[in-house]
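Colleague: Take a look at the following structure, please.
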Amino acid sequence: MNQRLVFIVDEAHRSQFGEMQRVIKQAFPKQNWYGFTGTPIFEFNKTAQDQTTETQFGPELHQYNIGNALNDGAILKFNSEYVNLAQVTDQDNKEVEEPDLPDDFYDGDSEESDKYRDKVVKWIIKNWQKKSVNGSFNAILATSSIRQALKFYSIFKKKRDNGESKLKVAITYSLNENGDANQGQREGLVEAMKDYSRQYTNSDSTFNLDNMNAYIEDVAKRSARMEGQYRHIKPEESIDLTIVVARLLTGFDAQRLNTLYLDKLMEYQGLIQAYARTNRVFDKNKSQGNIVVFRRPKMMEERTKDAFEKYAGPGTFKKVFRPEFDQMQNEFHEEVDNLRNNVPQPEDANDLQDASQDDQIEFLTCFRSVAKKLQYIASYSEFNWDQQADEYGITQEEYGYYQGAFENIKAIVTESQDEEPDDPEQQELLNFDFEDVVIHELVIDKEYVLTLATKAIQTQHEFMESQTEKDKQRTADAQKKLEVALEKYAKSGHSLTAEQIKNFVNETPVLEGDKDFDAISAFAIRQDRKKKRAILDFCDEWGLDPDQLTRLNTEYVANGKFDHERDLRRTADKTTAEMNGHVFKNVLQYKTAATTASKEFIKKELAKY
């Protein structure tokens, strides 16, 4: 063949070091090879056959490393924790230091090895909400062998069965073709596929050894949640944790994966490839990739530093990895001090609603810095706000008040952003990005307040029945708790909802014998009725279809988009709108005005419910 062929190879660090490339080169004498990889094979980690990426592809043409990607915002930083759970005593009942443990401790069948694995599982379960950002993201547990993976899977399964865990755990690995261990691997995979089939398909036999590749593909796609039917699956249909040996640790692109738990030793390109599964950019709730190392943590910390220094240059480790917890505490405290210097007391923050826009922007800037630091520090297992509040200079409740003021003032500034100021400096001031601020879960939320409302209404009924001094006091206590909670909820940025709940309680009749009254559901029904009434009134005025407007509102609440506004426009009746006082030059102007009004109605009016 006289034509010259060009071969372009992705994942070149692992795909062209075998017999196949040699055969291809013999078959096509005229050729050029170009390899892409984020982790080339160098002299220090060359193959057993003395191969490197350069020997296979020639000299390097261009380099774009981890540091470059971080600067470009293409990837996130890492937060690493090295957790020592190994506990072994020698024959003299003295504790053995972790570096001195024998290799078979981690993989063995001893009582101490079993305890170690159980501790790992308990640690993952205990810290799951922190690492997963309240279940928003999933994780991988990488183990050293199939045998070890099955042991971990069995522990997670038992803890889920006995109610100690709610995590949905899957396992995936490649069967060894031969050997004594093959039977155990097959039996373990059969059991896991049966569990998986029950969890996700309501059948015992959807996945089995005959269609094992379909199972492997389903696990990967359900973990990634990035394509087809898996993109918008419900929380109960997702996988929380996938246990692997080698699968998914390289070439697996999953933006919803944010944590790697390691119970295996890794180094060089394998380590960096595995870590890089976690730090793909997704949304503002994903601030970093989490790495948690259990096996030989001291050794793995050194290997991690070494790998990143070798592949991305000196100083990269400090640039790519977040600081240790003590330093993060100090940084968080500094931002809190800065916020306090600007607005000393959280109760004062809402007064800024009447302040100048310069003062409002300054407060928003200070709070955003605190919120970002909180987002970072909250992912550390050592973080405990209740115990550490004095060190930070702010309690969780106080933070909630500041956050509420942030939300209220943000709404004021956002409205002014819709106006085009003449002054260029004022325009620059208004270019303020709110989207990167994650709203922290409040101590007092709507459900908590409505639970107190249920108690207050029920005790009021009991008081009307008996009128004893004891019942009078119980009613007064319940009412007082509700009032305090409503005040705190209002201060935390939910003054409108707090007022709605207060009106709901005052207007709810105390029905005799209604001991099963539930304020949460009753309030939801009330709000839903008001929302439907508002939709009908708006549609009657503008000549629109209520079902289409309801659909548009549902979409906006779910994803912040108006994907089906064309369907709403098709229902628009200009005559009805004109009968209600609106004036338009033509149908196009009417439909444009109706669509704009609908969006504003959804954003401002329906949001109240």
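The values are calculated or read from the model by the stated rules, or taken from the named source; none is laboratory data. Because the structure is a prediction, the values reported are computed rather than measured. Cβ: placed from backbone, ideal geometry, glycine included. Neighbour counts: every protein chain shown. Heads up: the accessible areas ignore ligands, DNA and RNA and are worked out on the full protein's heavy atoms, side chains in. Shrake-Rupley method; radii C 1.70, N 1.55, O 1.52, S 1.80 Å.
Colleague: Run the numbers for Lys318 and Ala476: contour at 0.36 nm per residue of separation, minus the present Cα-Cα distance, in nm.
Modeller: Stretched fully, the Lys318-Ala476 segment lengthens by 51.2 nm.
Colleague: How high is the FRET efficiency from Glu331 to Glu267, r the C-beta distance, R0 35 Å, rounded to 0.05?
Modeller: The pair Glu331/Glu267 has a calculated efficiency of 0.70.
Colleague: Per residue, how much accessible surface does segment 1-152 expose to a 1.4 Å probe? Answer in Å², no decimals.
Modeller: I get 58 Å² per residue for segment 1-152.
Colleague: If you don't mind, another one. Using a Förster distance of 45 angstrom, determine the FRET efficiency expected from the C-beta separation of Ser145 and Ile520, and round it to 0.05.
Modeller: So, using R0 = 45 Å, E works out to roughly 0.40.
Colleague: Using the Karplus equation 6.51 cos²θ - 1.76 cosθ + 1.60 (θ = phi - 60°), what ³J(HN,Hα) coupling, rounded to whole Hz, does each residue of segment 61-77 give in order, writing x for Gly and Pro?
Modeller: With coefficients 6.51, -1.76 and 1.60, one gets 9, 7, 10, 9, 9, 4, x, 4, 5, 5, 4, 7, x, 7, 9, 9, 6 Hz.
Colleague: Oh, and also: What whole-number value in Å² describes the accessible area per residue of segment 351-420 for a 1.4 Å probe?
Modeller: Per residue, segment 351-420 has 44 Å² of solvent-accessible surface.
Colleague: A follow-up question, please. HN-Hα J couplings of segment 223-228 from phi, Karplus 6.51/-1.76/1.60, θ = phi - 60°, integer Hz, Gly and Pro as x?
Modeller: Per-residue couplings from phi come out as 6, 6, 6, 10, 9, x Hz.
Colleague: Let me ask something additional. Computed from these coordinates, which is semi-axes √(5λ) of the Cα gyration tensor in Å: (i) 50, 34, 28; (ii) 43, 26, 23; (iii) 62, 27, 20?
Modeller: Matching entry in (i) 50, 34, 28; (ii) 43, 26, 23; (iii) 62, 27, 20: (i).
Colleague: Taking every pair of alpha-carbon atoms in segment 254-402, give the share separated by more than 22 Å as a whole percent.
Modeller: 52
Colleague: Please compute the length gained on full extension between Val583 and Asp283, using 0.36 nm multiplied by the number of residues separating them and subtracting their Cα-Cα distance.
Modeller: The span from Val583 to Asp283 would gain 103.8 nm if fully extended.
Colleague: From the cross-link list Lys77/Lys130; Lys410/Lys532; Lys126/Lys298, which pairs have alpha carbons spaced over 19 Å apart?
Modeller: Lys410/Lys532; Lys126/Lys298
Colleague: Here is a follow-up. Which value in deg cm²/dmol, rounded to the nearest 500, describes the helix-derived mean residue ellipticity at 222 nm for the chain, given -39,500 (n - 2.57) per DSSP H run of n ≥ 4 and division by the residue count?
Modeller: Rounded to the nearest 500, it is -16500 deg cm²/dmol.
Colleague: Right, another one. Can you give the Rg to Rh ratio for segment 116-232, taking only C-alpha atoms and Rh from Kirkwood?
Modeller: A ratio of 0.96.
Colleague: Just need the relative contact order of the chain here, percent rounded to a whole number, with Cα pairs under 8 Å and 6+ apart.
Modeller: That works out to 11 percent.
Colleague: Roughly how much of Tyr64 is accessible, in Å² to the nearest 10, using a 1.4 Å probe?
Modeller: Around 120 Å² of this residue is reachable by solvent.
Colleague: On the accessible surface of the chain, probed at 1.4 Å, how many percent belong to carbon and sulfur atoms?
Modeller: Solvent-exposed carbon and sulfur of the chain make up 46 percent of the total.
Colleague: Still on this structure, please answer the following. Quick one: putting +1 on the C-beta of Lys and Arg, -1 on the C-beta of Asp and Glu, what dipole do you get for segment 278-372 around its Cα centre, in Debye to the nearest 20?
Modeller: Computed charge dipole of segment 278-372: roughly 1240 debye.
Colleague: Starting from 0.36 nm per residue, how many nanometres of slack lie between Ser356 and Gln49 once their C-alpha separation is accounted for?
Modeller: Additional length available on full extension: 103.5 nm.
Colleague: I'd like the FRET efficiency for Thr201 and Lys158, computed as 1/(1 + (r/R0)^6) with the beta carbon distance as r and R0 of 30 Å, rounded to 0.05.
Modeller: Given R0 = 30 Å and the Cβ-Cβ separation, E is 0.85.
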